[in-house]
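The values are calculated or read from the model by the stated rules, or taken from the named source; none is laboratory data. These figures come from a predicted structure and were not determined experimentally. Glycine also receives a Cβ, built like all others from the backbone with ideal geometry; neighbour counts cover every protein chain displayed. Just so you know, the surface numbers come from the protein's heavy atoms only, side chains and all, with ligands and any DNA or RNA stripped out. Shrake-Rupley method; radii C 1.70, N 1.55, O 1.52, S 1.80 Å.
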Amino acid sequence: MSKGNRGFGSSLTEGLDDEELDASAPSESIMASRSQTLARLATGKVVTDRTEWVDPLRCRPWRLHNRDIDHLDEETCRDLIDAFLSAKKQRIPAIVRRLQNDPDHDFEIIAGVRRWWTVQWLRAHHHPDFEYLVTIQHVSDEEAFRVSDIENRSRKDISDWERAKEYMRALNEFYDGSQSEMAEHLKISRSWLSRLLDVARLPDEIVDAFADTHDITVRVARDVKPLAGDPRALALMAAEGKSIRDERADLGTRLSGPEIAKRLVRSTVAKAKESGGEVILKAGNGKPMLRYSRSARSGLTLRVVPKSGASVDEVLAAIRGLIAE
């Protein structure tokens with residue numbers, strides 16, 4: 001996640017080792033410590049069956065896994081490929097559960113899809129002896145979600161978009177849409193959960209402006225989401241999004257996520273000049289929200305109009321847009 005949420009799950013993930021970060025530690029102690037930590041946090045008791053090597057073709061990702069498989073390739077998995085080749089094996093086991101009534105697969109991957117992809121890539125590229133190391137657990141769907149979340153919460157290679165979509169599915173399926181209940185179960189703050197879910201709640205008109213959904217971060221959603229609830233502002237951002245897509249198609253222009261967010265926010269600015277060079281910036285409800293002026297001598301001067309009906313997020317998003325101009 002973002003650096004601004006440093007405390008998000010940091011204490012919960014103590015003792016969880018990354019494949020490439022702990023290449024010198026004994027495999028047995030790593031697996032034992034990791035499995036016990038995950039089990040304690042997810043269910044409060046030992047749920048591990050056993051750890052073994054299996055054929056990756058007999059495994060399939062769980063339907064609620066948090067990886068965007070379309071983004072897994074040699075480049076995004078290069079660190080694991082190199083780590084596996086260096087150790088001549090996978091050192092940290094994936095978390096799976098046994099399947100029933102599936103003739104094509106024996107296991108369902110709860111956490112470790114990227115490791116699963118890497119083993120298959122190696123087998124297809126001159127290393128056919130590589131197998132997939134898994135720890136088999138007996139867990140319910142809700143427990144499986146928490147196990148997956150605990151293992152992956154601190155990983156920087158999972159985008160805000162992937163995590164937000166996973167959380168949104170879990171919110172509706174396991175917690176009856178209650179963010180308070182979900183935050184309590186996951187031991188995270190309700191405010192952070194709300195900001196993360198805002199990423200998944202962005203309307204399609206906004207999402208379509210981005211060449212890669214992985215560029216849609218919590219910060220991007222924070223800037224854009226407050227304006228997306230107003231039909232007029234959403235229409236303006238949709239039109240700007242189309243312009244961004246056209247530029248990308250015609251000119252090959254590739255903007256970063258924050259750059260696209262700035263353009264979308266700027267497109268909603270409704271300016272009406274007053275005497276003295278002051279400019280009114282209107283809120284989504286059409287009422288004056290900010291008054292500002294610019295000069296070479298004093299720079300940007302602005303005043304927040306009281307009782308505009310605008311939310312704090314809408315005002316702050318507008319101010320960020322003015323500063324970015």
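Odds and ends about this structure:
- Single unsatisfied condition, K271 versus (1) at pLDDT below 75; (2) surrounded by 12 or more Cβ atoms within 10 Å (Cβ to Cβ); (3) over 22 Å from R222 (Cβ atoms): (2)
- For A239, the conditions (1) under 28 Å from I158 (Cα atoms); (2) exposed (fewer than 14 other Cβ atoms within 10 Å of the Cβ) are fulfilled apart from (1).
- Reported count of residues in region 114-146, each being of a type in the set (A, V, I, L, M) and more than 18 Å from E52 (Cβ to Cβ), is 3.
- Taken together, the residues in region 145-195 that are polar (S, T, N, Q) and in a helix (DSSP H, G or I) amount to 7.
- Search result, residues across region 194-206 that are aliphatic (A, V, I, L, M) and either open to solvent by 40 Å² or more (accessible area, probe 1.4 Å) or touching a Ser or Thr at 6+ places or on another chain (Cβ under 9 Å) (or both): V199
- Odd one out for A170 among (1) touching a residue at least 60 places away in the same chain (Cβ under 8 Å); (2) closer than 29 Å to G321 by Cβ: (2)
- Meets criteria (in contact (Cβ under 8 Å) with a residue 60 or more places away in the chain and either of a type outside the set (F, W, Y) or more than 15 Å from R58 (Cα to Cα) (or both)) for S148: yes
- Hits in region 281-301 - residues which are assigned to a strand (DSSP E or B), modelled with pLDDT of 75 or more and exposed (fewer than 15 other Cβ atoms within 10 Å of the Cβ): G299, L300, T301
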